[in-house]
Structures are given as C-alpha cells and as structure tokens.
Amino acid sequence: MPTPTKAQLITALQANPFFADFSDTILQPLVQDALYRTYATGEIIVAEGELLSGLYFLQSGWLKVVKISQGGREQVIRFLEPGETFNEIGMFANQPLPATAIALEAAGIWLIRKDSIQQLLREQPQFAEHLIAKLSSRLLYLVSLISDLSLLPVSGRLAHLLLTDAKDGVLDRPRWYTQAEMAARLGTVPDVVQRALRQLEKDGLITVQRSTIHIIDRAGLMQLAKQS
C-alpha cells in the first residue's frame, strides 16, 4: 500500500473529533513534519512507560490499547479503528505512556510531532478550547470504563459493550475480534464471555453470527447494563 500524502492526512484529520471544523490552512503546519510508518500484525507500536514525542493517528488497520499485568494478563482499554488517535495526554504533559498499543492487523500510523501541536495551540486558541473539550469526553469514557469493571457483572459489562460499539444495531467483528479479545476488554476470561453471549441470545436480546452480533432487544440490553 502506498504511503498516504500529507493532503490525505489533513482530510483524514478533519473527520476526527479532535480536528473537526478546522481548515486545511490551519492544519497544514500541523502535518508538515508528520512521519508515516507501517506495522505488522501483533507488532507493538508503543509500550507502557515510553516517553513519546507526539500524537499518533491511525490511518489504516486496527489497534488495541492495553494494560498488561506482571503475570501477562491484558486489560483492553480501547480498540482503535482508522481515523482515531492515541497518546493525547502526551500533547500536554511530559509523562510516560500509561498503556501499550499493539497492532491487531497490519496498520499504517502517522506520528504528528508534539512541538507542531503545541505551536498550533499557541496560535489558535479556539483549537485549544476544542481539544480540551474532547479530552474531557475521553476522561468521562475512562471513568465509565472503571465504573463498569468495578460495579457491573460480566453480563452487564457485555451489554454495555454491545450498546456502545454496535452501529445501527450491529456489532461487526473483524477476524481479530475473538472472544479472547472481548474478554480482555471486559476484564474476564473467554469461557465467561461465551456463556454470557449464549445467555443473552437465549434471552432474545441478541443474535450471534460468525462475524456479527445483532442487537434484537435494545431496551433489554440497556436495562441489563444498568444493573450492579
């Protein structure tokens, strides 16, 4: 696959919530020194504890952002699809990365340099305000994740996951989206996820196919997602 152009990067950024509504002229200085690299399936893009020099933008492929215990167990924080970013905190703080990013399939990633972002923040106050609002939304997501893991049973966490990730009532599962990956996202083990999926299907809330999960009873899932 050929390397995307900087013009294509600007267009892709304008579809991202962090950079939406900003013109080519404003974003051009941001991308002029951006670097593009490809990664193989399973390759670590960045590891927890690293000090990074910018914002990462996923042009193609899928990633997972995980915390890994000393025993090797993964807790998936986010799955990233094309058009999303990671290491947002690195734009403001000189802090090590709090999690590891791994390619779930072949991926193409841009590194947007930190100094370019900081220069744009100084020159465009409205960009800074917009960015802070989006980072606040990301913080609320992380608080919700912690709440789910600590307060909801697995069935409730699974219901919340399906409601959040499904588009038009359908959760598409790429080849990598196995029950093991779903279990890592939910903070449990694959056997428990399998039983929970079967129970939701038995209760008439979903139907499970090889590569998709269809929501049949959204209200029922919402009720289950609220139980603690």
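The values are calculated or read from the model by the stated rules, or taken from the named source; none is laboratory data. Just so we're clear, the structure is a prediction, and the values are computed from it rather than from any experiment. Please note: Cβ atoms are built from the backbone with ideal geometry, for glycine as well, and neighbour counts cover all protein chains shown. The accessibility values were calculated without ligands, DNA or RNA, using every heavy atom of the protein model including side chains. Shrake-Rupley method; radii C 1.70, N 1.55, O 1.52, S 1.80 Å.
Structural remarks
- Overall, the chain carries a charge dipole of about 480 debye about its Cα centre when +1 sits on the Cβ of Lys and Arg and -1 on the Cβ of Asp and Glu, all other atoms neutral.
- Cα lying deepest toward the dipole's positive end in the chain, options 121, 54, 161, charges on Cβ: 161
- Trypsin sites (Lys or Arg not before Pro) within segment 26-104: DSSP coil, no more than 14 neighbouring Cβ in 10 Å: 73
- Solvent-accessible area per residue for segment 1-114 (1.4 angstrom probe, square angstrom): 47 Å²
- Computed from point charges on the beta carbon alone (+1 for Lys and Arg, -1 for Asp and Glu), the dipole magnitude for segment 104-228 about its Cα centre is near 100 Debye.
- Between the helical axis of 190-202 and the longest alpha-carbon principal axis of the chain there is an angle of about 60 degrees.
- Within the chain, helix-based [θ] at 222 nm, where runs of 4 or more DSSP H residues each add -39,500 (n - 2.57), nearest 500: -12500 deg cm²/dmol
- Exceeding the 31 Å Cα-Cα cut-off - candidates 134/202; 114/167; 67/167: 134/202; 114/167
- With the biggest extent put first, the Cα atoms of the chain measure 55, 34, 33 Å across the principal axes.
- Of the accessible area of the chain, computed with a 1.4 Å probe over protein heavy atoms only, carbon and sulfur atoms account for 53 percent.
- The residue list 146, 112, 205 was ranked by how far each Cα lies along the charge dipole of the chain toward its positive end, using unit charges on Cβ atoms, and 205 comes out on top.
- Unit charges on C-beta of K, R, D, E only; dipole of segment 171-228, Debye: 40 debye
- If the chain linking residue 5 and residue 119 were pulled fully straight, counting 0.36 nm for each residue of separation and taking away their Cα-Cα distance, it would gain 38.8 nm.
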